[in-house]
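Each reported figure results from applying straightforward, stated rules to the coordinates on display, with no laboratory input. Remember, predicted model here, so these are calculated numbers, not experimental data. Cβ: placed from backbone, ideal geometry, glycine included. Neighbour counts: every protein chain shown.
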């Protein structure tokens, strides 16, 4: 199965930074073939590689992992989790 959303976001960030696939590979420590696979949506990076890609692209994790319309949902999910936690543990700050 191919999911190109992550790859499209990564490619857009890379091009926006003026980096070639090889330059991103060099900066992140990944092989250029793997960068191509990520951008094509045929492979997904493991956590350590994802971290290195984020640093090399000077971007945030959520900008690579979530579509713009999903960004609004993340704070709402966190707020909901915090509210549930405080409801269960009212004496904990």
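Would it be correct to say that residue 35 is touching a helix residue (DSSP H, G or I) at 6+ places or on another chain (Cβ under 8 Å), buried (at least 16 other Cβ atoms within 10 Å of the Cβ) and free of Cβ contacts under 8 Å to residues at least 12 places away in the same chain?
Details: touching a helix residue (DSSP H, G or I) at 6+ places or on another chain (Cβ under 8 Å): yes; buried (at least 16 other Cβ atoms within 10 Å of the Cβ): yes; free of Cβ contacts under 8 Å to residues at least 12 places away in the same chain: no.
No.
One line per residue, one yes/no per condition, for (1) without any contact (Cβ under 8 Å) to a residue 12 or more places away in the chain; (2) part of a helix (DSSP H, G or I); (3) within 12 Å of the chain's Cα centre (by Cα):
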position: 7; (1), (2), (3): no, yes, yes
position: 14; (1), (2), (3): no, yes, no
position: 25; (1), (2), (3): yes, yes, no
position: 45; (1), (2), (3): no, no, yes
position: 50; (1), (2), (3): no, yes, yes
position: 77; (1), (2), (3): yes, yes, no
position: 85; (1), (2), (3): yes, yes, no
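Residue 59: part of a loop (DSSP other than H, G, I, E, B) and under 11 Å from the mean Cα position of the chain (by Cα), yes or no? Explain how you work it out, then say what you get.
Numbers: part of a loop (DSSP other than H, G, I, E, B): yes; under 11 Å from the mean Cα position of the chain (by Cα): yes.
Judged against the criteria, residue 59 is a match.
Suppose we keep only residues that are without any contact (Cβ under 8 Å) to a residue 40 or more places away in the chain and under 10 Å from the mean Cα position of the chain (by Cα) within the range 62-75. Which one would you say is surrounded by the most Cβ atoms within 10 Å (Cβ to Cβ)?
Filtering the range 62-75 for residues without any contact (Cβ under 8 Å) to a residue 40 or more places away in the chain gives 62, 66, 68-75.
Now drop any that are not under 10 Å from the mean Cα position of the chain (by Cα), which leaves 62, 66.
On the way: 62: 11, 66: 17.
Among residues in the range 62-75 that are without any contact (Cβ under 8 Å) to a residue 40 or more places away in the chain and under 10 Å from the mean Cα position of the chain (by Cα), the one surrounded by the most Cβ atoms within 10 Å (Cβ to Cβ) is 66.
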